[in-house]
Amino acid sequence: MPHTKPASLGRAMLIACLSLCLLWWVKLAETFFALDLSALALVPGSAVGLTGIVTAPFLHASYIHLFSNSLPVLVLGTLFLYGYPRSWKPALLLIWLLSGVGVWLFARHAPHVGASGVIHGVFFYLLISAIIRRDKLSVALMMVGFFLYGGMVMSIFPTEPQISFEYHFFGAVAGCLASVFFQHRDPKPVVEPPVVIDDDEPDPLIGDQWQQSSAESEQEWPSHRRDN
């Protein structure tokens with residue numbers, strides 16, 4: 001499999017920032033224009049709620065909810081886009097849709113909104129990809145993500161009634177499956193071969209003068225010993 005360099009970090013950050021701006025634009029539009037977007041929430045078992053499989057990650061119940069998701073979107077999104085430039089699009093699509101389908105089929109009958117399901121999917125994508133690939137880049141990205149958001153491993157279980165742990169759980173499942181299916185689309189980073197120094201080659205600056213000097217010193221040394 002051919003090797004390739006990772007995507008531009010600046011480009012990855014830009015896309016993550018634009019995604020975050022879109023979430024904030026939706027929330028601000030909801031507030032300033034008094035929009036009722038409740039019909040776009042994901043409601044399990046409801047035919048109307050099927051729309052929420054696509055739209056629910058754009059919605060947030062409050063500004064506190066959006067604040068709590070903003071930094072993970074920016075950080076984990078940047079790591080995801082930077083480390084997996086070829087696989088992030090199909091992986092994100094699978095995480096987005098599969099997490100929503102899981103919630104629609106099995107979650108509690110209540111409106112579910114927020115990007116946290118997708119965020120958990122991205123986190124687990126980074127985690128499982130690092131375990132499978134074990135190259136320096138994927139492991140480094142996973143370590144950064146795990147150091148900052150390792151608590152997501154536990155947030156897939158029930159904690160508070162108002163938190164959709166189901167979205168977290170199915171996002172994690174989708175992230176693991178997406179990693180298995182797509183992470184091999186990104187070849188491992190280029191590994192520079194080690195530099196081998198041939199001691200027999202003359203130095204490009206001084207040539208073989210050091211060898212001649214060494215030989216002359218060995219010839220002079222016995223005469224010095226006889227003088228002493």
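Just to confirm my filter: which helices (runs of 4 or more DSSP H) fall fully inside region 1-116 and include at least 3 residues that are at pLDDT 95 or above and closer than 23 Å to SER129 by Cβ? Give the derivation first.
Numbers: elements: 9-32, 52-55, 63-83, 88-106.
Those helices (runs of 4 or more DSSP H) span 9-32, 63-83, 88-106.
A residue that is surrounded by fewer than 23 Cβ atoms within 10 Å (Cβ to Cβ), under 16 Å from ALA41 (Cβ atoms) and in contact with a Leu (Cβ under 9 Å, 6 or more places away or on another chain) occurs nowhere in region 80-97.
Could you check region 132-179 and list, in sequence order, the residues that are of a type in the set (Lys, Arg) and on the phi < 0 side of the Ramachandran plot? Those that are of a type in the set (Lys, Arg) and on the phi < 0 side of the Ramachandran plot: ARG133, LYS136. Out of VAL196, VAL191, VAL173, VAL144, one residue alone is open to solvent by 90 Å² or more (accessible area, probe 1.4 Å) and either at pLDDT 95 or above or in contact with a His (Cβ under 8 Å, 6 or more places away or on another chain) (or both). It is VAL191.
Whenever a residue of region 42-67 is open to solvent by 30 Å² or more (accessible area, probe 1.4 Å), it has no partner that is of a type in the set (Ser, Thr, Tyr) and not in a helix (DSSP H, G or I) lying with C-beta atoms less than 8 angstrom away and at least six residues away or across chains.
Would you mind stating whether GLY121 is over 19 Å from the mean Cα position of the chain (by Cα) and either assigned to a helix (DSSP H, G or I) or touching a residue at least 24 places away in the same chain (Cβ under 8 Å) (or both)? So GLY121 does not fit the description; no.
The values are calculated or read from the model by the stated rules, or taken from the named source; none is laboratory data. These numbers come from a predicted model, not from an experiment. Using ideal geometry, Cβ is built from the backbone for each residue, glycine included, and neighbour counts are taken over all protein chains shown. Areas reflect the complete protein model, heavy atoms only, side chains present, ligands, DNA and RNA absent. Shrake-Rupley method; radii C 1.70, N 1.55, O 1.52, S 1.80 Å.
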